Each structure stands twice: as structure tokens, then as C-alpha cells.
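A.B. asks: What follows is a single structure, and I will ask about it in a moment.
The values are calculated or read from the model by the stated rules, or taken from the named source; none is laboratory data. The structure presented is a predicted model; accordingly, all values stated were derived computationally and were not measured. Here Cβ is always computed from backbone atoms with ideal geometry, including for glycine, and neighbour counts include all displayed protein chains.
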Amino acid sequence: MGPDQGRLTMELIGEVVAWFTDPANWTGTNGVPNRLLEHLRLSGASMLVATLIALPAGLAIGHSGRGGLLAVAVANLGRAVPSYALLLVFLPFFGLGDAAAFPALVLLAIPPILVNAYTGLRGVDRDLVEAGRGMGMTELQLLLRVELPAAAPVVVAGLRLAAVAVVATATLAALVAGGGLGRYIADGFGLRREDRLIAGAILVALLALVVERAFTFAERRTLLPGDQRRPSTADLAPPPLQSGLR
Amino acid sequence: MRLFRTVALGATSLALALSACTSGGGSTSGPTTGASTSPSTPPSSEPSGSAGAEPSGSGTAGGPTIASTLVLAGPPECPERPFCLLGLQDTYGLQFKEFRPTDAGGPITVEALKGGDAQVGLLFTSDPAIETNDFVLLEDDKGLQLADNIIPVVRQEILDANPGVADVLNAVMERLTQDELTKLNTAVTVDARDVAEVATEWIEAQNFDAASAGIEGEITVGSTNFYEQEILGEIFAQMLEANGATVERKFQLGNREVVFPALQEGEIDVLAEYAATALEFVNEGAGEATADAADTASILRERLAESDLTALEPAEATDQNGFVVTRETADQYGLSKLSDLAKPAP
């Protein structure tokens, strides 16, 4: 059994390599460029809408410090619902195709963006904010010139987490007749064509890695001078205690 | 300075996403009632079904066929399978407007039909969804699918001792139409009713002749983990009991790979099977099954005889690939069988 399986694995690797080198897999509707574009389109649109919703909300809550615990609790609750379940819930309303996956992906991306924006802003040194206020800055100036620059790495980390999750989860669209790289996985599974299935999985993993690296790079660029590379406070960090509570 | 970089990053991702939106465009069409609940326009994706894609197929008469105006939904492997799209093309000469990959006879295909994203869908012929959604199962009038008619498989020893067993079970097969089987499945899976209760009710409704078979001794009825086979097993059991047998039920035994050996070894005596699938299981995929239930059943009997088993008469009811349309589509185009789809479009 052992050597036999080893031979099978080698065969499979050969098949996957053959899949990638077959020119037919690089052209047309089902070619890698088109599927990649579809995948980026769906992921990008989901990220855009999620960012438009979650970032202003997170910044507002983080700046004012009001309703933070509630927002974080609701956001975390939302993250407990599997995207696959949401996909089937939205299906009757949005119909087949990427349209049903889109709202599920938006809901997937909102929690990390919101929670990190909030946590990042609350983590900004209060003395810094008070100094700005003492200089006569308006609340908007405080947010944009003091809090956001200081909190940027954490905020971007939220975007990174959301983007990686969205890119990986956008494969679900294929289950409801959508496009994207998930097509290879769903079709490969249905046809029992392992080469296609594995090639699809590799492409999705590579894309997720590229997205992750791009956002990590952006995170580094947003560090303030003299600031150490902060541990990416991931997304689940409890909201920092408010100073001067008593 | 730093802010600029943040903004630049934001702008880049915005540009990426915006390009996505502009290339999307149209809102989701379709008569789904809840569509208005989405404030934002979902990104369109695949060439949507309602877009002006020109029908690729034309009928033998030259003009477009009904099929060429309809969208087919089925599992992703359908376009490469002889019992799915390939067979529809070769056997029926059907070319659909579009194929949309959904699932293998599951909820996504059902939703696609209900929402109007597809007009023809591949389900299993005894799927309760056909009953609950008032779908119309198109008759496979050119015999594309292998005959997976319900058929009782029985140990020869039992029949030799009690020939009445064959009469009792064949009487059940005679009444088991496609409609009846689908209703039984619906009662148990959708209405969540007790299997024994559903079986009793069905038997009463059939008004079988009064118990006369005079069966003696013990008979063990088996079933796989599949609800449909369990319902049929329960009906067999109650019918045999009513005719004098002492019945032991061994349901939920696992899959065919477990249940068939149990039958051969005499652990169970009676099992509700599917003619074509059972035949191809026994002959190890020799490809002897056909679309004809009687032919398939007789070959099955020959193959089973080698292990002292036999099969009785096949029912009309099947559980196999079935193409369905909504009642609305059926009425609109006058569809009742698959070959109707090849008629010229109105």
C-alpha cells in the first residue's frame, strides 16, 4: 500500500503540473486569467462595500468611545455565522451566481475591519489626543491627524485579515453557479478531476498569500517613525480600557 | 506623510474595487420577491442568464427549439456526463441556452428553479422537492436514464418456503407509482412524520385484498440508511405481517456495500432495491443495465441467482436522474416529456 500510494502521489503531482502547463487552461472563460479576474472582482467589490460600512463605523465608535463594546459584540457574533450558511440564506433573494456570494462576503469582511478600527483607535495614547485637543484641533482633525496615523497599522491589519478571508471564501460563489477560482474546485470535485481541484486550491492559496503580503507591506509603511513593529493585535484583542473612567 | 500613504493604499484598493463594480453593471433580474431588500447593486458576475446571449442551438426544423430558450441547472459535472447534458444532446438533440452549475439534486438547484435563474433542473425522480414545489417531472420518453425502478430483492430460500411472499410484495410494487413514492418521501422527510405511521396509512389507502397469502415463519426485512428504502422496508414488513409472517426489521444497516453481503449471508431476507444500480453492483459494473425496467429486472434475476437471491417485479416508481420544470414553465410551453423540449420555440 505504501509504495503504491507514493506512486499515486507522484502521478497526481505530475497531473497538476500538466494542468498548469496546458495552454487550454489559460485561455477562454474557464482559463486562469478570466477566473482570476472574476475572483478579484468579487473579492474587491465585497471588500469595498465592507470597508465603506465598517471603517467609518469603527472610526466613529473608536473616536467617541461610545457603543464600542456593543459594536464589537455584534461584530463578533456575526463572525460566528458560517459564510456557507449565509450563501444559502441569500440565494432565494439574490439568485444564482456571484450575487448570492457577495452579501455573504461583505458580512464576512465587516467584523475584522470594524473591530480593528475600533481597537486601534482606542489604543492610541490618550495624552497624544489630549495634546492635540489642547492645540485647538477639531474632532475631525484629531481623528485624521492624530488618531488615524497612530492607529493605522492596526486598522490596516483589520483590512488584511478581512481581505485574506474574503479571497479564500470567495470560492464559495462557485457552489451557486458563480465564477472565480472556486469554479476549478467545484468542477474538479464534481468531475472527480483531482488535478483541476488541486490546481484551483493552489491558485486560491497563492492569491491569498499575495494579498496577505501586500497588506503586511502596507501595514509596515504606516508605522510612525520610531515606532517598533507592533505585534499585529490580530482582531480579537479586547477593547482597551478607557482612561480616566473614575 | 504617513497619512498620504494610508490614503494611497485606500485609493488603490478603491480603484481595484471600483473597476470591479463598473464591469459588473446590471442588477440581478429575476422575479424573486426579496430582491428589493438589497440596497446596493450586487456585482454581476457570469454572463447573466437574462442577458442577450444568443441561443447556441437550433432544432432539427431549423428554427430555435424550446430548449434553446431555457437555462439548465445541474451538478458541475453534468456537461460531461452521458446521463446528463451529453445524453440530452445525443439522445434528445437538445441544446440549452445556457448551463448553470449548481448541485446534484439539492437545494441550490431547487432554488434556481424557484427563482427563475434556470427553467430546467436535474433532480432525483422521487425527490420530495418535486411534490412540495409542484414541479413537473418530464418523462424520459426516449429512455436516456437506466431503469432504477424500485424492485424487491429476496432470498430464494424464503420464496421457496413461502411463495405467498412474492404475491404480497408484487402487489405493493403494482401500486407504487412515481407519485405515490414521492408522496411517501415527502411525508417522512418534509412533514417529519413517523415512518411506521406513514407506511400504515399508505397500506390502508391501497385497499389491498384481505390477508390471504398465509405466510408462515420468520422473515427479516433490511434497509440501508436511506429514508426511501426504510419507508419501503417498513411497508414490506407491515404487509408481510398482515399476511401471517413474523417480521424482524433491520433498518439503517449502512450502504449497499454492507447490506448486499448481509442479504447473501442470510442476515436479512428482503430488501427494497433499485433495478439498474443493483444490477451494476452485482455484475461489478459490467454495463448490462438498460433503460427498460423489465429487461434490467430479468438480467438482475439471472445475476442474483448465482448467490441464491432473486428479484420480484419492478415498480413504476424510480429513483434516478430526472429533469424537472416548474408548473409555470410546463404550462407555458406545454411540456410533459423530455422530447417536448426539442419542439420549435413558440
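A.B. asks: Answer with yes or no whether B:Ala272 is over 15 Å from B:Phe226 (Cβ atoms) and either of a type outside the set (Phe, Trp, Tyr) or assigned to a loop (DSSP other than H, G, I, E, B) (or both).
C.D. replies: It is false that B:Ala272 is over 15 Å from B:Phe226 (Cβ atoms) and either of a type outside the set (Phe, Trp, Tyr) or assigned to a loop (DSSP other than H, G, I, E, B) (or both).
A.B. asks: Tell me whether the stretch A:175-188 contains one or more residues that are of a type in the set (Phe, Trp, Tyr), modelled with pLDDT of 95 or more and touching a Leu at 6+ places or on another chain (Cβ under 9 Å).
C.D. replies: yes
A.B. asks: Among the residues of the stretch B:106-118, write down those that are buried (at least 22 other Cβ atoms within 10 Å of the Cβ) and part of a helix (DSSP H, G or I).
C.D. replies: Hits for the stretch B:106-118 are B:Ile108, B:Thr109, B:Val110, B:Glu111, B:Ala112, B:Leu113, B:Gly115.
A.B. asks: For the stretch A:48-124, which fully contained helices (runs of 4 or more DSSP H) count at least 1 residues that are out of contact with any Lys or Arg (no Cβ under 7 Å at 6 or more places or on another chain) and of a type in the set (D, E, K, R)?
C.D. replies: Ranges flagged: A:68-79, A:98-122.
A.B. asks: For the stretch B:59-84, name all the residues that are assigned to a helix (DSSP H, G or I), surrounded by 22 or more Cβ atoms within 10 Å (Cβ to Cβ) and within 13 Å of chain A (Cβ to nearest Cβ).
C.D. replies: B:Cys78
A.B. asks: Further, regarding this structure: Of all residues being closer than 19 Å to B:Glu174 by Cβ, small (Gly, Ala, Ser) and more than 22 Å from the chain's Cα centre (by Cα) in the stretch B:226-262, which is modelled with the lowest pLDDT? Just the residue, please.
C.D. replies: Among residues in the stretch B:226-262 that are closer than 19 Å to B:Glu174 by Cβ, small (Gly, Ala, Ser) and more than 22 Å from the chain's Cα centre (by Cα), the one modelled with the lowest pLDDT is B:Ala242.
This table checks each residue for (1) among the acidic types (Asp, Glu); (2) in contact (Cβ under 8 Å) with a residue 12 or more places away in the chain; (3) closer than 20 Å to A:Ala54 by Cα.
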{"position": "A:Val81", "(1), (2), (3)": "no, yes, yes"}
{"position": "A:Arg122", "(1), (2), (3)": "no, yes, yes"}
{"position": "A:Glu130", "(1), (2), (3)": "yes, no, no"}
{"position": "A:Met137", "(1), (2), (3)": "no, no, no"}
{"position": "A:Leu143", "(1), (2), (3)": "no, yes, yes"}
{"position": "A:Pro149", "(1), (2), (3)": "no, yes, yes"}
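A.B. asks: Of all the residues that make up the stretch A:80-110, how many are away from every other protein chain (no Cβ under 14 Å), crowded, with 18+ Cβ neighbours inside 10 Å and more than 16 Å from A:Ser43 (Cα to Cα)?
C.D. replies: 0
A.B. asks: Mind telling me which of the residues A:Ala163, A:Ala131 ends up being surrounded by 19 or more Cβ atoms within 10 Å (Cβ to Cβ) and at pLDDT 90 or above?
C.D. replies: It is A:Ala163.
A.B. asks: Given (1) away from every other protein chain (no Cβ under 14 Å); (2) of a type in the set (Asp, Glu); (3) not in a helix (DSSP H, G or I), where does B:Asp103 come up short, assuming only one miss?
C.D. replies: The single condition B:Asp103 does not satisfy is (1).
A.B. asks: Spot the failing condition for A:Arg192; the list is (1) surrounded by fewer than 22 Cβ atoms within 10 Å (Cβ to Cβ); (2) in a helix (DSSP H, G or I), and only one is missed.
C.D. replies: Status for A:Arg192: all satisfied but (2).
A.B. asks: Now, a different point. Among the residues of the stretch B:85-100, write down those that are in contact with a strand residue (DSSP E or B) (Cβ under 6 Å, 6 or more places away or on another chain) and either crowded, with 24+ Cβ neighbours inside 10 Å or within 12 Å of another protein chain (Cβ to nearest Cβ) (or both).
C.D. replies: Within the stretch B:85-100, B:Phe96, B:Glu98, B:Phe99, B:Arg100 qualify.
A.B. asks: Next question, about the same structure. Condition (residue is touching a residue at least 12 places away in the same chain (Cβ under 8 Å) and more than 16 Å from B:Asp167 (Cα to Cα)) applied to the stretch B:234-241: is it met by at least one residue?
C.D. replies: Yes, the stretch B:234-241 contains at least one residue that is touching a residue at least 12 places away in the same chain (Cβ under 8 Å) and more than 16 Å from B:Asp167 (Cα to Cα).
A.B. asks: Something else now. Taking the conditions exactly as written (outside any loop (DSSP other than H, G, I, E, B), under 23 Å from B:Glu306 (Cα atoms) and not acidic (Asp, Glu)), does B:Thr290 satisfy them or not?
C.D. replies: For B:Thr290, the condition - outside any loop (DSSP other than H, G, I, E, B), under 23 Å from B:Glu306 (Cα atoms) and not acidic (Asp, Glu) - is not met.
A.B. asks: Right, something else. Among (1) without any contact (Cβ under 8 Å) to a residue 40 or more places away in the chain; (2) more than 30 Å from B:Phe99 (Cα to Cα), there is one condition A:Tyr118 misses while meeting the rest; what is its number?
C.D. replies: Status for A:Tyr118: all satisfied but (1).
To keep it simple, each residue is scored yes or no on (1) among the polar types (S, T, N, Q); (2) within 27 Å of A:Glu38 (Cβ to Cβ); (3) at pLDDT 95 or above.
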| residue | (1), (2), (3) |
| --- | --- |
| B:Pro47 | no, yes, no |
| B:Ala51 | no, yes, no |
| B:Ser58 | yes, no, no |
| B:Gly63 | no, no, no |
| B:Thr69 | yes, yes, yes |
| B:Pro82 | no, no, no |
| B:Phe96 | no, yes, yes |
| B:Arg100 | no, yes, yes |
| B:Thr109 | yes, yes, yes |
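A.B. asks: Could you check how many residues of the stretch A:41-70 are surrounded by fewer than 21 Cβ atoms within 10 Å (Cβ to Cβ) and within 16 Å of the chain's Cα centre (by Cα)?
C.D. replies: Within the stretch A:41-70, residues that are surrounded by fewer than 21 Cβ atoms within 10 Å (Cβ to Cβ) and within 16 Å of the chain's Cα centre (by Cα) number 3.
Here's the yes/no breakdown for (1) modelled with pLDDT of 95 or more; (2) closer than 24 Å to B:Lys337 by Cβ; (3) crowded, with 17+ Cβ neighbours inside 10 Å:
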| residue | (1), (2), (3) |
| --- | --- |
| B:Gly143 | no, yes, no |
| B:Asp148 | yes, yes, yes |
| B:Ile151 | yes, yes, yes |
| B:Val154 | yes, no, yes |
| B:Ala161 | no, no, no |
| B:Gly164 | no, no, yes |
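A.B. asks: Okay, next question. May I ask you to say which residue of B:Thr277, B:Thr220 is assigned by TED's automatic domain parsing to the domain that holds B:Thr186, surrounded by fewer than 23 Cβ atoms within 10 Å (Cβ to Cβ), more than 17 Å from B:Ile158 (Cα to Cα) and not hydrophobic (A, V, I, L, M, F, W, C)?
C.D. replies: None of the other options fit; the residue is B:Thr277.
A.B. asks: Being at positive phi and of a type outside the set (A, V, I, L, M, F, W, C): is that true of A:Gly78 here?
C.D. replies: no
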